[in-house]
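Take a look at the structure set out below.
The values are calculated or read from the model by the stated rules, or taken from the named source; none is laboratory data. Everything numeric here is computed off the predicted structure, so don't read it as measured data. Cβ placement follows ideal geometry from the backbone for every residue including glycine, while neighbour counts extend to all protein chains displayed. Each accessible area value is taken on the protein alone, full model and side chains, heavy atoms only, with ligands, DNA and RNA left out. Shrake-Rupley method; radii C 1.70, N 1.55, O 1.52, S 1.80 Å.
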Amino acid sequence: LTIAAASSLRQAMGDLEEAFLEQHPDTGIRVIFGSSGKLTAQITNGAPYDVFLSADTAYPERLVALGAAASEPAIYARGRLVLWYREPDRTNPELAGLLDQDIRRIAIAQPRHAPYGQAALEVLGSAGLWQAVKPKLVYGENVGQAAAMVASGAADAGLIAWSLTHSPELAGRSFALINEDLHSPLAMAMVITRQGADNPDARNFSNFLQTITAQDILQQYGFQAPTTD
Amino acid sequence: MPELSPQDWQAITVTLKLCALTTIILLVLATPLAWWLAHKRSTGRTLVQALVALPLVLPPTVLGFYLLLALGPRGPVGQSLEAVGLTHLAFSFEGILVASVVYSLPFAVQPLMESFRALGARPVEVAASLGAGRLDRLFTVILPLCRGGFIVAATLTFAHTLGEFGVILMLGGSIPGETQVLSVLIYDYTEAMEYAAAHRLSLGLLVFSFVVLVAVYSLNRRFDVVKP
Amino acid sequence: MPELSPQDWQAITVTLKLCALTTIILLVLATPLAWWLAHKRSTGRTLVQALVALPLVLPPTVLGFYLLLALGPRGPVGQSLEAVGLTHLAFSFEGILVASVVYSLPFAVQPLMESFRALGARPVEVAASLGAGRLDRLFTVILPLCRGGFIVAATLTFAHTLGEFGVILMLGGSIPGETQVLSVLIYDYTEAMEYAAAHRLSLGLLVFSFVVLVAVYSLNRRFDVVKP
Amino acid sequence: MTLQITARLHRGDFHLTLNDTLPTEGITALFGRSGCGKTTLLRLIAGLEPTRKAEIRFHDQVWQAGRWRLPVSRRRLGLVFQEPSLLPHLSVEANLLYGYRRTPAGQRRLHPEAVRSLLELDTLLSQPVHTLSGGQRQRIALGRALLTSPQLLLLDEPLSALDATAKREIMPFLSGLASRTGVPVLLVTHSAREVEQLADQVAFMENGRIDRVEPLREALARPDSPLFSDEGPASVLVGRLEETGPGQWQFITEPGGDRQAVRFEVSGRSSHQTSLHRLRILASDVSLALTRPEGISIRNLLPVRIERIEDSDEYRSTVTCRIEDGQVLLSRITRQSVRELELKTGQTAVALVKSAALME
Amino acid sequence: MTLQITARLHRGDFHLTLNDTLPTEGITALFGRSGCGKTTLLRLIAGLEPTRKAEIRFHDQVWQAGRWRLPVSRRRLGLVFQEPSLLPHLSVEANLLYGYRRTPAGQRRLHPEAVRSLLELDTLLSQPVHTLSGGQRQRIALGRALLTSPQLLLLDEPLSALDATAKREIMPFLSGLASRTGVPVLLVTHSAREVEQLADQVAFMENGRIDRVEPLREALARPDSPLFSDEGPASVLVGRLEETGPGQWQFITEPGGDRQAVRFEVSGRSSHQTSLHRLRILASDVSLALTRPEGISIRNLLPVRIERIEDSDEYRSTVTCRIEDGQVLLSRITRQSVRELELKTGQTAVALVKSAALME
Ligand SMILES: Nc1ncnc2c1ncn2[C@@H]1O[C@H](COP(=O)(O)OP(=O)(O)OP(=O)(O)O)[C@@H](O)[C@H]1O
Ligand SMILES: Nc1ncnc2c1ncn2[C@@H]1O[C@H](COP(=O)(O)OP(=O)(O)OP(=O)(O)O)[C@@H](O)[C@H]1O
Ligand code: MOO
Ligand SMILES: [Mg+2]
Ligand SMILES: [Mg+2]
């Protein structure tokens, strides 16, 4: 079973795999991470992936439209944004702090194709900060890169995925979870690809993701259950 | 380095295989092409020379994307291959090998071309007059006298293939043991913010490459041909 | 091409500026370095030569990350710059310029070095005996006679800088009008599956590069120096 | 057994037009002014000048027929370029052996030891080639070509950078080589001396054409021969050497027809190993007297008949004399002497040839 | 006004050891066998051989003092390399003018037109340099060096690829140049002829050392001089030319001390423009007679006193004669003639010198 997963699932995937294998011990699993856009392009061009876990709903829909999917998109989680200041002693990390003089650069993911980037824009817009912070924005290829920009010390703050804060590098730092109302929901959908159509494991995994076990793991790693809206 | 995971080792193996094969294939392909470019004095030459450099100007992922279109099951190359009973090249080691060859072609062709031009006709004429045939001249005169050009071509190709990941990631899909090379793996580690692992592999890669390059260059220096 | 958005045009401007400056700076830096490497016959040489090639072996994004560490406000270079009242280099045009220079250094140094070695000492001796001083010799003998090497160095550098985006994306942060270059933009379009826009820009880039390269190579061919 | 060449070649303003047959016996000198096309001709024969308008035939082998060319490497040539072109990445020894190793053992007629000692290369064997002096390079290039045991030697001024001593040792070897092993040699040279000493035939080139090809003796019989532009006319007599006493040698000419041989006293012994020798006598070394002078150190006093008296320039005349064996001896004396001695065509006289000037 | 050189230089097995003063007036020939270090010496003087163990002083300028070296480009040299090294990216004309353009107008003493016509370069000006023949390259390299109007000319076998006609035109120009413009010349050559014709002094080199530096006259006074290894000993007499009638010239020697001048009849006119001329007489061209012979074409019959009779080899003797003006005339005759004529030291005799052989 080859799973193509959005990079934001990196941390969660290990535990998910383990839990799945407990239920289906005979399955061999291989996970390939990548940006959702790249994975979509690969799947439409014959990539040997059975299941696709996207970071949004648009790419799976695209696959369905192109006839590259063997199932309807199913939402398995919702992502959350966090605000992260590089300086650990910022005790009250609020959005308004982004206006501070000493916050020179703010990293977000590229809104053009990264769902988290799009959400970050919306947050800044809703908070009425957009015009003021626009000159401070730098764009990473994806949230991972946005986080790396902060981690390297080059950017002073970033709007990144909550899931990333569970990475070994960032574990234990303080972040401010952004109110979900400030952006449209970061629903994450999965599909079974044409390649995985006849692979029973693909369907098993798809079903597994909807189980409580899986949902618990996802929540542990900074995702919301798709239902708690 | 006991901290390397089996996946790391797998990536290292794939990488070395890819780099070695790319370098060898490129030298074999580039030598006649560069020779032709160095000696042909027509418009055709400049067109081919420019064509060879073109893969460079596209962003690697984009190039990878186009290669995916071309070599994949729906692309012209992929379909032709499948038509004759072979399998298409996307997401396979052969595919990323082809991609690396295309992508590093200019680094092999251009230095070789210049070094062939700098060689001039005389040494080859001398060897021919002394009874050496074509291949004999290639191996006993051209190769040793253009060694510098070959070294530049080989090291640039090797290093560039080592570091390249955009094309490979797109076309190869990072399949462990097949298309997951070291650079993709390091990239993955940094993406996952597993910096410790990334640093470790990067350092290893740097040290390894440095040692290889120093060895190659020292060896080259020992056989320097001095021009008056 | 009326379909290009203002952002596209901005990226084109930044890209051309970056490529042109990188090429010029690299030729200026690489010439003395390559000369030294070509004529120095010590261990120092092989070490430096290997060092120069090292940036190549790291995946560009990873290199970008390390450069970000070094050139950013908390890195050694960035801090030194800020200490003397300048601003650090992350997320600025100057920063990606530095990165491009570092990253393309081997493509400039290695071909130049080989072409200096192939030149030999004689033409320089001749010019000196005829009363030409150091700079005079550089411009009237070395440069014209090593023109092939300079062309290879310049075109490889130019093309490579055009296509490079991993380092630039990481270090530059894709700021429109400042660090968003064409390759980053094209990449963005493909990621967003806006293929029409991507194709359009890629094609434009290819055609433009092809024309430039053909022009350069034809010009070069016209001034070919024939060796006996 | 000849080398036939028909060719047209344009290089800018320069035109090489050939329709000639060169002899392939002994040494043929290619003589002509700088830029007349000697090197181009040699390269054409070797197959190194690209042209489609050429037919070249060596003995019974076709070397070129229009577009078709026998590869250079299969012509079995020994080629010495005008600028000694050693392979810079090889040692002196490897340069010497490069062609030798590629010559089938059965065809090897010359061996490294012999060539090394002849050309005094032993001390140079391990030296990097870029450290060699000009003359050393030239010797190695010559040795390398010889060691391929070629079926035709093409030598482009192979002796120009050599000192007199080295030349004196190599020249007899070259002339011996041609006659001993039957390898024909085409030798480009500017030196009339080298031609007289080595050549059996001379091809005179001018402006991209071969003016004429003639045996050396004929070439020397014309007082206006281009060979004389340096040292003036000379006669070359062919004959045998005979020892007439300790340290005393006589040169006995080969008479033409049923004439009588003429004897010259010569001192010293030629290092030539051949039985036929050459006596080169500059016309300016030959004086004339009406009667046999006495008490004089000049030992060769030959009765001659004056055949022609030509003014060679404003002040000097060239007197063509026939010696008793029928060969020609040229004498160059001042026009004033001709007047004072009242020399006339048909008259007999005594030619004075200093014996010490004879040997070569 | 001299060129002082103290230097030690090692290149593999080769050692160059110098502690010499070379004259910087007229032409100094550097004569020695292939590989003896002539090119290395020239390059050392030019500043092209890296060494720290050298002191070089030209006139009152220090050119090198240990590690310190005056840059080559500021020594104002005219250097002709042994292999003509044209700049391949420049046209013939640009090559010629490369140094000329870099010479301040005030220091220019030679101009392109003159050099072009002397060296017959006019038809070559626009030709690509890689298409030139060997001799054409050499001429251009020479012209290029001359056009820098140097304060010292270093010529490494500049005439080796030239034909006799070209040589005959260039040689008088070179010798005239040195005397007319006062540019000293250091000339490497293998040809004793070139030395005799051009040199004022000769530096003999052997195995990386300068054996001796002596005026040409002294060098020629030693019958064992290395110059004679080619054509045997020769005398060079210095004197003036005087026209004695239409087409008739006399060479009048410059007597040593209060001796009387000796007159030689010569034909033709030298193309030398200098007032002092040289008469080169090969010892083998000089015969001896006990009494003055009559009815003979030889026009110069000089009373001489025999000073020394030496056996030069098994068969020949060199007889050193003193002519009336005190200069030395060498004669090489067979030992048999010496015996037959019963020649003795101190005895007077008549030297026979063919007038037609005189001019050079
Ligand atoms: N492309 C060209 N344009 C004009 N002239 C050319 C070209 N190529 C060759 N030549 C001329 O062809 C002639 C023949 O050259 P070649 O080298 O055969 O002369 P050569 O007889 O060997 O002279 P040398 O004795 O000086 O070596 C030369 O005068 C040269 O200048
Ligand atoms: N690295 C070295 N090892 C050994 N010998 C060397 C080295 N470099 C130079 N030589 C020798 O130094 C000698 C001097 O060379 P140079 O070129 O000065 O000779 P030359 O007198 O100009 O001879 P030619 O008349 O043949 O040009 C040569 O015998 C050469 O072989
Ligand atoms: O997981 Mo993404 O598609 O890189 O935001
Ligand atoms: Mg020639
Ligand atoms: Mg020399």
> How about region E:60-72: which of its residues are in contact with a Leu (Cβ under 8 Å, 6 or more places away or on another chain) and open to solvent by less than 50 Å² (accessible area, probe 1.4 Å)?
Replying inline: E:Trp63, E:Gln64, E:Val72
>> Please list, ordered by residue number, the helices (runs of 4 or more DSSP H) wholly in region B:1-84 having 3 or more residues that are farther than 30 Å from C:Ala215 by Cα and at pLDDT 90 or above.
In response: B:6-39
> How many residues, within region B:132-176, are within 10 Å of chain D (Cβ to nearest Cβ) and in a helix (DSSP H, G or I)?
Replying inline: 9
> Take the residues of region D:316-345 that are open to solvent by 10 Å² or more (accessible area, probe 1.4 Å) and acidic (Asp, Glu): which is modelled with the highest pLDDT?
Replying inline: D:Glu342
> Taking region A:14-57 as the search range and keeping residues that are farther than 16 Å from C:Thr190 by Cβ, more than 16 Å from the chain's Cα centre (by Cα) and of a type in the set (Ser, Thr, Tyr), which one is farthest from ligand 4 (Cβ to nearest atom)?
Replying inline: A:Thr27
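Check whether at least one residue in region B:61-76 is more than 11 Å from every other protein chain (Cβ to nearest Cβ) and of a type in the set (A, V, I, L, M, F, W, C), and report yes or no.
no
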> Mind checking which residues of region C:15-57 are farther than 30 Å from C:Arg134 by Cα and either open to solvent by less than 10 Å² (accessible area, probe 1.4 Å) or in contact with a Pro (Cβ under 8 Å, 6 or more places away or on another chain) (or both)?
Replying inline: C:Thr15, C:Leu18, C:Pro55, C:Leu56, C:Val57
> Got a sec? Which of B:Ser104, B:Ser129, B:Ser100 is within 11 Å of another protein chain (Cβ to nearest Cβ), crowded, with 24+ Cβ neighbours inside 10 Å, at pLDDT 90 or above and within 26 Å of A:Ala47 (Cβ to Cβ)?
Replying inline: B:Ser104
>> For a quick check of your reading of the model, give me the residue pairs whose first member lies in region B:198-222 and is open to solvent by 50 Å² or more (accessible area, probe 1.4 Å), whose second is not in a helix (DSSP H, G or I), with beta-carbon atoms closer than 8 Å and at least 6 apart or on different chains.
In response: B:Arg200/B:Met1; B:Arg200/B:Glu3; B:Arg200/B:Leu4; B:Arg221/C:Arg41
> Going through region D:122-177 one residue at a time, which ones are within 16 Å of ligand 4 (Cβ to nearest atom) and out of contact with any strand residue (DSSP E or B) (no Cβ under 9 Å at 6 or more places or on another chain)?
Replying inline: D:Ala161
> Here are some conditions: (1) over 17 Å from the mean Cα position of the chain (by Cα); (2) within 21 Å of B:Arg221 (Cα to Cα). B:Ile151 meets all but one. Which one does it not meet?
Replying inline: (1)
> Taking region B:54-95, which residues are among the small types (Gly, Ala, Ser) and at positive phi?
Replying inline: B:Gly85
> Among the residues of region D:109-128 satisfying the criterion of being within 15 Å of ligand 2 (Cβ to nearest atom) and among the aliphatic types (A, V, I, L, M), which is nearest to the other protein chains (Cβ to nearest Cβ)?
Replying inline: D:Leu124
> Does D:Arg57 satisfy being out of contact with any Pro (no Cβ under 9 Å at 6 or more places or on another chain), away from ligand 5 (no atom under 16 Å from the Cβ) and among the charged types (D, E, K, R)?
Replying inline: yes
>> Any residue in region A:32-44 that is away from ligand 1 (no atom under 16 Å from the Cβ) and of a type in the set (Gly, Ala, Ser) sitting within a Cβ distance under 6 Å of a residue that is modelled with pLDDT of 90 or more and in a helix (DSSP H, G or I)? List the pairs, counting only those 6 or more apart or interchain.
In response: A:Ser36/A:Tyr59
> Looking only at region D:239-267, which residues are of a type outside the set (S, T, N, Q), at pLDDT 70 or above and in a loop (DSSP other than H, G, I, E, B)?
Replying inline: D:Glu254, D:Pro255, D:Asp258, D:Arg259, D:Ala261, D:Val262
>> Can you report the number of residues in region A:14-36 which are buried (at least 20 other Cβ atoms within 10 Å of the Cβ), part of a helix (DSSP H, G or I) and not aromatic (Phe, Trp, Tyr)?
In response: 2
> Taking region A:37-54, which residues are within 13 Å of ligand 3 (Cβ to nearest atom) and open to solvent by 10 Å² or more (accessible area, probe 1.4 Å)?
Replying inline: A:Lys38
>> Residues to consider are C:Phe150, C:Phe139, C:Phe165; find the one that is touching a residue at least 24 places away in the same chain (Cβ under 8 Å), within 30 Å of E:Pro84 (Cα to Cα) and out of contact with any Asp or Glu (no Cβ under 8 Å at 6 or more places or on another chain).
In response: C:Phe150
> When both residues are 6+ apart or on different chains and their Cβ atoms are under 6 Å apart, which pairs have a first residue that lies in region A:99-122 and is open to solvent by 30 Å² or more (accessible area, probe 1.4 Å), and a second that is of a type in the set (Phe, Trp, Tyr)?
Replying inline: A:Arg105/C:Phe91
> Can you name the residue in region E:268-299 that is assigned to a loop (DSSP other than H, G, I, E, B) and open to solvent by less than 20 Å² (accessible area, probe 1.4 Å) and, of all such residues, is modelled with the highest pLDDT?
Replying inline: E:Pro293
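Mind listing whichever residues of region C:186-197 are at the interface with chain B (Cβ under 9 Å from one of its Cβ atoms) and either in contact with a strand residue (DSSP E or B) (Cβ under 8 Å, 6 or more places away or on another chain) or surrounded by 19 or more Cβ atoms within 10 Å (Cβ to Cβ) (or both)?
C:Ile186, C:Tyr187, C:Tyr189, C:Thr190, C:Glu191
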>> Against the condition modelled with pLDDT of 90 or more and within 15 Å of B:Ala192 (Cα to Cα), how does A:Ala5 come out, does it pass?
In response: yes
>> Can you tell me which condition E:Ser85 does not meet? The list is (1) more than 12 Å from chain D (Cβ to nearest Cβ); (2) within 16 Å of ligand 2 (Cβ to nearest atom), and all the others hold.
In response: (1)
> Somewhere in region E:102-121, is a residue under 30 Å from D:Gln138 (Cβ atoms), more than 16 Å from ligand 1 (Cβ to nearest atom) and open to solvent by less than 20 Å² (accessible area, probe 1.4 Å)?
Replying inline: yes
>> Contact list please: Cβ distance under 9 Å, first residue in region C:53-82 and farther than 15 Å from C:Val167 by Cβ, second residue of a type in the set (Asp, Glu), pairs at least six apart or on different chains.
In response: C:Pro73/A:Asp156; C:Pro73/C:Glu82
> Would region A:156-175 turn up any residue that is surrounded by fewer than 23 Cβ atoms within 10 Å (Cβ to Cβ), over 20 Å from B:Tyr189 (Cβ atoms), more than 15 Å from the chain's Cα centre (by Cα) and away from chain C (no Cβ under 14 Å)?
Replying inline: yes
